[in-house]
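Below is one structure, written out as structure tokens, with a few remarks after it.
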Amino acid sequence: MISPTDRRDTMRAAGYFALASTILVCLLWLPFGFGMVGNIEEWDILSLLTRHGVFFFAGENSPLASHRLRPLTAAPNAVAYLLSPDSFVGMHLLQMASLIVKGTAAGLMGYWLLRSRLYAVMLALLVIVLPADTMQLSFRSFHINCAVALGMAGVAGLLYAYERREALGRGGLVLSLLSAVGLGVAIQIYEVALIFVPFPFLMLWARHGVRGTLRIAFKQLPVTLCWGLAVAVCLGYIYTVLAHGSTYQSSVVGGQSTSMQMVQERLWVLTFTGMGRALVGGWVDAVMILIEEFRNYIYVVVTGAIIAALLAYAARRGPPATTTPEPAVAMRGLSARVVLIGLVMAAFGYLPFLSSPAHMAISQRTFLFATFGAGLATVGLLALLFGNRRPRVSLAAGTALVTLGLAAQMFQFQHYQKLSDTERQVLANVVTTVPAIGPETNVVILDGSERISSVWMLRDNMFHALTYLYGAPVNLVYTCTVPGDYWQRLDAFGRPGSCARSTDGWLFTDGPTVAAPGQGTRQPQVSINVADPNAVVVRVDKDGNVVPVPGQLARLKRGEDTLSRRYANVVADRPWPLAFHQFRSQEGSDSFRWDFGRWWSLEAAVHGRGWQDSQWTNDGRFKKVSTAWANMPEASLVFNMQPRKAPYVVKGRVQAIAGNTDRNSLTISINGSQEHPLVWITDNEFYTYIPAGELVNGRNEAVFHVPVDMNFYGVGVAMDWVRFSPRH
């Protein structure tokens, strides 16, 4: 039976876990503020809320009918929209709140298991900054973070409901009902939250063994039934939806064959990619990011000192006087079981994503549900090694891990912040050029900056972003990259079409004829003529600038209409006063290296034309590399640097070459200069020399002249990286 003293201790501990989690989350946001905006699907949801009004349920007749298997998936976005309809502040606050709830729930579970505030606070902080996932801070994971937070809160609540039920039947029953509701809502937001169902019983086993778990579960049957009822209702709903038509999930995982070889491959992915990344690989990346991406460590050191203080205070606050400390032998046995259930929970968290090959190729959102298990296994290992005997060593190890994780998360934050900054510039070009958009108006963007050719730069979501900004539906948006006149509407093979001026408007045509192995020849299928009376044209020069409509910028700054408010709060450049440069930049360097994604799943938005979106492939057993296929005869990269007045060497690496593409015919030209042949060192690596003066201060454009293979998806080479450096 739980005593009043223990209850008070638990409440005080919960308050400290919440305080420590809040401090860590604030430290994460402090250098960046609230400037990050949506990247991809977030604009889609905002567009739906603009066009259909606020809705919380994605049912069969809702704007998100394909997502009805997770009917509350848009509810977090709807709440954020109600909080701040003209900015992303609501999303920021709810994202922060989700992380704080995750940390607090993890701390409570760690305290329930190990009865050590030091290890509990360590677990709370690790769950917030574990570096395995690369999308925790992007708003693409906004609803997933809410689901994880509610699911973890439900698990923690159920554990304490069993204890409270012994002392206060009514209080325990209420807590179990709230826990069941939390789990149910989490599953309705994101169905992967079903993996939380066995977690309370795994922790009961770690603490009390098999017999103790069965005794508690049956003795406190009303608590167990509340949990089971929530699961049954959710499973019943899922069965009903799956029995009546296709869903988003069925389109993602459908059509896959099952074989022993496939099972073996998925087990390999679970072991080495899933578990390996969650427990080891993420930390390896975090160390390398700390070494290679930070230009100074002032903020890292400051945050490390604060984290050490939080853990040191927790270490001094031992168990209450009425609680008997765990004997050393019992502590080691408990810690070993905690490590074991942590591994099982991490595997459960990654397991659902094995059904989708696309998700196995990335580390975005695929580790969010594995985070608690990985954090628990890590803390359990520290408890196993050091227990309560060497608190200073445990404190030092915990400080190092949390600080390292925080550094990796700050780099992730900066990555999405940079994407947001460029998106805002792209959107500003439209809203300062087009004062109003009617329901029949088509927007034609002539993009001389070569920015809007990436999925991360509103290539596919410009319509949704503009619908939200103007507060009313736009008709259609056509983006034409110039020079080259490439229409950024990709065909089934990921190739852009063409755009041209017609006699009375603009003509947009699907990509040229192309063939693929086993698929035959694909002819152009789309041809659209946009008449001048129905089109507004936005002309963006090569530096990303436009000529605003006279007086439009002043109206946006003074106005009170929807566009003006959203321009001021979303699009306008508002420097964060606490920001400082703690990451390396190539802007002022005399060398430049382009990589389509240096760290797994943190893709860089291509500044240029003629490249497919980045793909992640294995290079060896463990290393992941990003590549992008060149799918136009002139594939360009645009970059800024401050070159020396000296010859330069260009080195690079390709991952693959199309079968009918002659590698010896590949050349490169810089800023319109003569073409330089590429010299191949190996089958994958090349170099060439360029004379002094071809690279200039500021903006440069390197064009790869690639003979694409029109019988192989219309691609030429899959580029890994390229580097420009002075020749020594």
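Counted over region 381-435 with a bin width of 5 Å, the fraction of Cα pairs per bin, in whole percents, is 4, 16, 13, 11, 10, 8, 8, 7, 6, 6, 5, 4, 3, 1.
Normalised by 2.2 N^0.38 Å, where N counts its residues, the alpha-carbon radius of gyration of region 548-633 equals 1.66.
In whole percent, and with a 1.4 Å probe on the protein chains, what portion of the accessible area of the chain is carbon and sulfur? Summing carbon and sulfur atoms, their accessible area is 61 percent of the total for the chain. Report note on the peptides 157-164, 502-509: ranked by the mean count of other C-beta atoms within 10 Å, highest first, their order is 157-164, 502-509. Which log10 I(q)/I(0) values, to two decimals, does region 1-153 give at q = 0.12 Å⁻¹ under the Debye formula with one point per Cα? Debye intensities relative to I(0), on a log10 scale: -0.58. Taking all protein chains as shown and a probe of 1.4 angstrom, Arg539 keeps an accessible surface of around 150 Å². Taking GluC sites (Glu not before Pro) across region 558-637, the ones in a DSSP loop with at most 12 further Cβ atoms lying within 10 angstrom of their Cβ are Glu560, Glu587. For region 625-672, taking the reciprocal of the average inverse distance between every pair of different Cα atoms yields a Kirkwood hydrodynamic radius of 13.6 Å. Cross-link partners for Lys219 among the aspartates and glutamates, with Cα-Cα distance under 14 Å and sequence neighbours closer than 8 places in the same chain left out: Glu163, Glu166.
Computed on the Cα atoms alone, the convex hull of region 487-587 gives a volume of 229 cubic angstrom per residue. Starting from a Cα-only point model with no solvent, please compute log10 I(q)/I(0) by Debye for region 1-82 at q = 0.12, 0.13, 0.19 1/Å. Taken in order of the listed q values, log10 I(q)/I(0) reads -0.63, -0.68, -0.85. Taking 27 Å as the straight-line reach from the Cα of Lys102, the lysines in range (excluding those fewer than 8 positions away in the same chain) are Lys418. Using the average count of surrounding beta-carbon atoms within 10 Å as a protection proxy, the listed peptides 461-473, 485-497 rank, highest first, as 461-473, 485-497. Counting only heavy atoms of the protein chains and using a 1.4 Å probe, Tyr297 has close to 90 Å² of accessible surface. Enter the angle in degrees (range 0 to 90, nearest 10) between the Cα long axis of helix 41-52 and the first principal axis of the Cα atoms of the chain, meaning the one along which they spread out most. That works out to roughly 90 degrees. The Cβ shell under 14 Å around Ala572 holds other residues with a net charge of +3, Lys and Arg each +1, Asp and Glu each -1.
The C-alpha atoms of the chain define a longest principal axis, and helix 328-350 lies at about 40 degrees to it. The value for the chain of Rg(Cα) / (2.2 N^0.38 Å) is 1.02.
Of the two radii for region 275-406, the radius of gyration is 1.03 times the Kirkwood radius, both from the alpha carbons; that is the Rg over Rh value. Rounded to the nearest 10 degrees, the inclination of helix 199-219 to the longest alpha-carbon principal axis of the chain is 40 degrees. Using only Cα coordinates, the Kirkwood hydrodynamic radius of region 342-487 works out to 19.5 Å. Basic side chains Lys and Arg get +1 at the Cβ, acidic Asp and Glu get -1 at the Cβ, and with that the dipole of the chain about its Cα centre reaches some 3080 debye. Report D for region 105-151 in µm² per second (integer): Stokes-Einstein, Kirkwood Rh on Cα pairs, 10 °C, 1.306 mPa s. Value of D from the Cα-based Kirkwood radius: 138 µm²/s.
What the chain shows is 40 Å² of accessible area per residue, with the surface traced by a 1.4 Å probe over protein heavy atoms. Counting only residues at least eight positions apart within a chain, or on another chain, the lysines with an alpha carbon under 23 Å from that of Lys651 are Lys623, Lys624.
Its alpha carbons give region 414-497 an Rg and a Dmax of 12.8, 38 Å.
For Tyr478, the amide hydrogen comes within under 5 Å of the amide hydrogens of Val443, Val444, Ile445, counting only partners 5 or more places away or on other chains and with H modelled in the peptide plane. Mean sequence separation of contacting Cα pairs (under 8 Å, at least six apart), scaled by the length of the chain, corresponds to a relative contact order of 13 percent.
The values are calculated or read from the model by the stated rules, or taken from the named source; none is laboratory data. All values derive from a computational prediction rather than experimental measurement. FYI the Cβ positions are ideal-geometry reconstructions off the backbone, even for glycines, and counts take in every protein chain you see. The protein model used for the area step is the full one, side chains on, heavy atoms only, and it has no ligands, DNA or RNA in it. Shrake-Rupley method; radii C 1.70, N 1.55, O 1.52, S 1.80 Å.
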